[in-house]
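Right, one structure below, let's go through it.
FYI, it's all coordinate maths here, none of it is from the lab. Computed from a predicted model, the values in this text were never measured in an experiment.
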Ligand SMILES: [Cu+2]
């Protein structure tokens, strides 16, 4: 599976996830696997952007955690895919995520300093909130293959920790002021 | 592969080697702390001086167990199912956390043997 080089946008991602075309249509195991893997790859890509553009310690630390944790989760996913000898299926939700993230990344590379830090931090918070709602409320109930369900449950614990971490990062940056 | 380490970063060389001698003479026990779902379990562990603690990461996400006040001891990065052992030769309470996920906190209390 290729790693998709994109950054993500909470607003666009939120729109994608809540659009009836994606939200109501039940996805199969291979589509869920594809989208979960894609979402992780997008966040890694985004973290690399943060490491390139931010000089803020808390932002850089967060970005490093994202790279470390999402790489570990995607590595497990890759191992599971190999073990089950299946090919994840690209789908509308994966494509919407990739597209939304590309647009957001193009926007973010024009920013620097606090403007970038805040945009990145707020986007990470929104992104993890949406991903977590989707994984918890849809992917886990929809998954039928036991090891995939178990992997998603493990991943959700990690992503929830990220959501909390992102919240702390946003608060610490005082973006409103 | 388990890694191992010893505490003593804050001790002077002489005091440190003395403690190593003491702990070497005491055949301590090995306790386990599991890192699971972003928590250390048990979060409060009481051991005797010279005992070892083996930290085992059960999460997909890599974690560490790192002494909080001054990095006096540290397991280093533990990937899934990796473990590291730390020997505790100083009496007192060690607060520690995960260097990657700082909200993960726990403590180990070392009592005289
Ligand atoms: Cu951790």
Quick one: check the C-alpha center-to-center distance for region B:67-98 versus region A:127-159, whole angstrom.
31
Over chain A, how many percent of alpha carbon pairs lie in each 10 Å bin up to the one with the longest distance?
10, 41, 35, 12, 1, 0
Using the alpha-carbon atoms, what tilt in degrees (0 to 90, nearest 10) does helix A:29-53 show relative to the longest principal axis of chain A?
20
For the Cα atoms of chain A, what angle does the longest principal axis make with the long axis of helix A:57-84, in degrees from 0 to 90, nearest 10?
10
Using 0.36 nm times the number of residues separating residue A:115 and residue A:58, minus their current alpha carbon distance, what extension gain do you get?
19.1 nm
Running a GNM on chain A with Cα contacts under 10 Å, which residue among A:54, A:112, A:94 ends up with the highest mean-square fluctuation?
A:112
Going out from 0 in 5 Å bins, what whole percent of all Cα-Cα distances in region B:29-111 drops into each bin?
3, 18, 30, 29, 14, 5, 0
Does region A:37-97 come out rounded, prolate or oblate by the C-alpha gyration tensor, with a ≥ b ≥ c the root eigenvalues, rounded set by a/c under 1.5 and, if not, prolate when a/b is larger than b/c and oblate if not?
oblate
In a GNM of chain A with a 10 Å cut-off on Cα contacts, which of A:38, A:134, A:144 has the highest mean-square fluctuation?
A:144
Can you tell me the orientation of helix A:92-108 relative to chain A, as the angle in degrees between its alpha-carbon axis and the longest Cα principal axis, to the nearest 10?
10
